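Trainee: One structure is given below, represented as structure tokens, and several questions about it will come after.
The values are calculated or read from the model by the stated rules, or taken from the named source; none is laboratory data. Predicted, not measured: the structure shown is a model, and the values here were computed from it. When the accessible area is computed, the model is the full protein with side chains, heavy atoms only, and any ligands, DNA or RNA have been set aside. Shrake-Rupley method; radii C 1.70, N 1.55, O 1.52, S 1.80 Å.
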Amino acid sequence: MAGAQLVADRSQPRVGLLSQLTRFVLVGGLSALVDYGLYQALLHTGLWVHGAKALSFVCGTTTAYLLNRRFTFTQTAGGATRFTGFLLLYGTTFFVNVGMNALVLHLITEGAPFRVTIAWVFAQGTATMINFLMLRYVVFRR
């Protein structure tokens, strides 16, 4: 079955780097809206900032994975190995994202304009760079 999966993946043409980057940015923009929108909504409910960031990251990441698998990297089948790679990658970037958010919040003076948004942008940007490279060269590699 794994061999059949490998053959099925290779039967689809590989999308070029520029096309993948463009699609990744579009998917990322939508996923970022999910993440940031939920983050802001949870903060307005009074949820602890790090809990809000964790929940919003999981929702944004799930959106990104499903769309990137199908649209950016043109993989329709998952497979246990690919899903395990996804869990390891996003588990790692989860901690990078939440940690970077906490670090930037710590570095920016309390009450500074756009403090929460700036921290979110740094956290998201760091995790996004890691995710693209790892998705392209490890998780969805052919």
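Trainee: Express in whole angstrom the spacing between the alpha-carbon centres of region 24-89 and region 93-121.
Mentor: 18
Trainee: So how much slack lies between Phe95 and Thr81, counting 0.36 nm per residue of separation and subtracting their Cα-Cα distance, in nm? Before the final figure, lay out the partial values.
Mentor: On the way: separation 14, 0.36 × 14 = 5.04 nm, distance 2.16 nm.
Residue separation times 0.36 nm, minus the Cα-Cα distance, leaves 2.9 nm.
Trainee: If I stretch the segment between Thr117 and Thr62 completely, what's the gain in nm (0.36 nm per residue apart, minus their alpha carbon distance), one decimal?
Mentor: 17.7 nm
Trainee: Provide Arg141, Arg136 ordered by accessible surface of protein heavy atoms (probe 1.4 Å), highest first.
Mentor: Descending order: Arg141, Arg136.
Trainee: If one takes the longest principal axis of the Cα atoms in the chain, at what angle in degrees, from 0 to 90 and to the nearest 10, does the Cα axis of helix 115-134 lie?
Mentor: 20
Trainee: Accessible area per residue of the chain at 1.4 Å probe, in Å²? Present the calculation step by step, with values, prior to reporting the outcome.
Mentor: Working: 8070 Å² over 142 residues.
Heavy-atom accessible area per residue stands at 57 Å².
Trainee: Enter the angle in degrees (range 0 to 90, nearest 10) between the Cα long axis of helix 49-67 and the first principal axis of the Cα atoms of the chain, meaning the one along which they spread out most.
Mentor: Between the helix axis and the principal axis of the chain, the angle is about 20 degrees.
Trainee: What does the accessible area of Thr45 come to, in Å² to the nearest 10, when a probe of 1.4 Å is used?
Mentor: 100
Trainee: Which whole-number percent gives the relative contact order of the chain, counting Cα pairs below 8 Å spaced six or more residues apart?
Mentor: On the way: 114 pairs, mean separation 38.4, N = 142.
Normalised by residue count, the contact order of the chain is 27 percent.
Trainee: Protein chains only, probe 1.4 Å: how do Phe86, Phe71 rank by accessible area, largest first?
Mentor: Phe71, Phe86
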